[in-house]
Amino acid sequence: MLDVIGHASMEDLAAHLPPAVRFEKKLAIPPGRSEYEILDYFKARGAENANDYACFLGAGVYNHYRPVLFDTVISRGEFLTAYTPYQAEISQGTLTSIFEFQSMICQLTGMDVANASMYDASTAVPEAAMMAIRATRRHRVLTARSVHPEYREVLLTYTQHQAIPLDEFAYDPESGLIDVEDFSRKISRETAAVIIQTPNFFGMVENVKQAAAIAHEKGALLVVVFSEAVSLGLLEPPRDADIVAGELQSFALPPSYGGPFAGVIACKEKLIRQIPGRLVGETKDANGNRAFCLTLATREQHIRREKATSNICTNQALMALMATVFMAVYGKVGLRELALQNLSKAHYLAGKLKLYFQGPFFNEFVAQADAKTVAEINRALEAKKIIGGLALEKFYPELKNTMLLCCTEMTKRPQMDQVAEAFS
């Protein structure tokens with residue numbers, strides 16, 4: 001290349017630049033290493049990770065078992081490196097898997113239609129609120145304080161710059177469930193969406209039918225949120241809701257420092273035109289055979305921005321595929337057995353501790369720390385290679401010295417006994 005352009009060297013090529021902008025020193029980086037030296041280096045760094053700790057953290061990210069089959073499937077080149085399935089004639093495999101994903105999410109949630117996935121629950125929740133605003137032509141959003149605090153933060157980001165009033169209603173200080181009186185007092189004929197979570201951030205199982213009745217009496221749509229998808233194997237589907245927004249991390253997606261995950265939105269058929277993201281539908285090809293394609297595209301990537309339902313122009317197809325494999329492998333019976341394991345282990349540990357809230361819970365609960373502070377308990381557990389629970393005071397200043405604990409099928413009895421001992 002230098003010969004063609006008439007220069008003898010790289011220095012000659014840069015000779016026209018003034019000395020003040022030229023870097024004449026050597027870069028302060030070490031010399032290159034051989035392949036086996038690099039492997040040794042990363043093995044040593046990997047050995048520093050705390051990968052053999054028991055974990056009692058939940059709060060939206062859960063430590064579930066991941067069979068090796070999942071990585072085997074998603075590592076196939078046709079899935080791992082596939083591009084967006086715009087050309088249906090060469091993307092039937094990807095489109096079929098997404099259609100199966102949508103179908104199984106509808107079965108789990110009791111809804112009529114589900115999209116091809118969202119980034120995560122924190123983006124699914126505000127998108128669900130925007131759906132309700134468009135459908136009802138109202139502009140107020142009402143959310144329970146027992147909805148995941150970080151979901152509410154993203155919801156605030158969406159609403160505050162669109163001049164959408166966002167209000168919150170309280171939780172009952174004894175049960176941890178929504179405060180029905182405060183809810184009934186704050187909802188109005190201007191409310192577009194009411195957002196609750198079940199199991200909520202405290203792990204408590206809400207009464208969806210009751211919340212739906214109050215919301216619908218005022219003409220508002222009910223959005224039900226979930227962060228622990230395994231609970232759907234045991235709890236009644238939230239079919240009384242109008243929209244369901246949730247997080248599928250529990251379905252074989254590793255915690256992985258917080259992502260990538262896969263959110264989802266499902267809804268009643270009457271709201272299908274408002275649903276954001278991608279939607280795969282069934283059709284017939286030129287030969288009359290069953291086929292699949294993207295349909296009802298109302299994203300700004302496809303239509304005029306001012307007419308679009310959302311500017312989220314993609315989905316988590318690979319993560320959704322992992323969740324699809326999970327649902328297919330476990331099936332209805334397997335998911336129920338998994339949920340029962342989570343339930344029984346959480347209630348075993350809860351029976352050894354002083355609970356802050358009294359009510360039905362799934363695999364998370366709030367424990368009161370009396371003899372020690374939450375920080376002291378977690379430090380003591382860390383010394384035993386146990387990651388303790390979440391200090392709730394960070395998000396709820398009124399819940400001083402309380403800890404949100406989670407038990408999954410990965411939790412073992414000796415470790416639960418050690419946690420109970422740390423509280424005493």
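The values are calculated or read from the model by the stated rules, or taken from the named source; none is laboratory data. Quick caveat: nothing in here was measured; it's all calculated off a predicted structure. Glycine gets a Cβ as well: all are built from the backbone with ideal geometry, and neighbour counts include every protein chain shown. Only protein heavy atoms, including side chains, enter the accessible area calculation; ligands, DNA and RNA are left aside. Shrake-Rupley method; radii C 1.70, N 1.55, O 1.52, S 1.80 Å.
A few points about this structure:
- Amide H to amide H, with H built 1.01 Å from N, Glu168 comes under 5 Å of Thr143, counting only residues 5 or more places away or on other chains.
- Spherically averaged projected area of the range 19-69 from its Cα convex hull (nm²): 8.8 nm²
- Reach of Lys352 by Cα under 16 Å, taken over aspartates and glutamates that are not fewer than 8 positions away in the same chain: Glu364, Asp370, Asp417, Glu421
- J(HN,Hα) series, the range 187-197, from Karplus relation 6.51 cos²θ - 1.76 cosθ + 1.60, nearest Hz, glycine and proline x: 6, 9, 6, 9, 6, 8, 9, 10, 10, 10, 10
- Annotation: lysines with alpha-carbon distance below 18 angstrom to Lys43 (same-chain offsets under eight excluded): none found.
- Too-long pairs where the Cα-Cα distance tops 22 Å, listed order kept, from Lys186/Lys218; Lys209/Lys270; Lys354/Lys412; Lys345/Lys394; Lys209/Lys307: Lys345/Lys394; Lys209/Lys307
- Between Gly203, Gly258, Gly176, the Gaussian network model of the chain with springs among Cα atoms under 10 angstrom shows the greatest mean-square fluctuation at Gly258.
- Reach of Lys332 by Cα under 15 Å, taken over aspartates and glutamates that are not fewer than 8 positions away in the same chain: Glu100, Glu236
- With all protein chains kept in place, the per residue accessible area of the chain amounts to 50 square angstrom at a probe of 1.4 angstrom.
- In order along the range 78-92, the phi-based Karplus estimate (6.51 cos²θ - 1.76 cosθ + 1.60, θ = phi - 60°) of 3J(HN,Hα) comes to 5, 9, 5, 10, 6, 8, 3, x, 5, 8, 4, 5, 10, 10, 4 Hz; Gly and Pro are listed as x.
- Here the Karplus relation 6.51 cos²θ - 1.76 cosθ + 1.60, evaluated at θ = phi - 60°, turns the backbone of the range 43-58 into coupling constants of 4, 5, 5, x, 5, 7, 6, 8, 9, 10, 8, 6, 10, 10, 8, x Hz, with x for every Gly and Pro.
- Test item: Cα-centred dipole of the range 252-408, Lys/Arg +1 and Asp/Glu -1 on Cβ, debye: 220 debye
- Residues whose amide H falls under 5 Å from that of Cys293, counting only those 5 or more places apart or on a different chain, are Gly281, Thr283, with hydrogens built in the peptide plane.
- Dimensions in Å of the range 61-146 - Rg and Dmax from alpha carbons: 17.0, 47
- Treating each Cα of the chain as one equal point scatterer and applying the Debye formula with no solvent, the log10 of I(q)/I(0) at q = 0.10, 0.12 Å⁻¹ comes out as -0.77, -1.00.
- Evaluated with a Cβ-only charge set (Lys, Arg +1; Asp, Glu -1), the range 378-424 carries a dipole of roughly 140 debye about its Cα centre, given to the nearest 20.
- Check: the range 1-133 dipole with +1 on Lys, Arg Cβ and -1 on Asp, Glu Cβ, in debye: 320 debye
- Other-chain or far-sequence residues with amide H under 5 Å of Gln316's (modelled H): Met118
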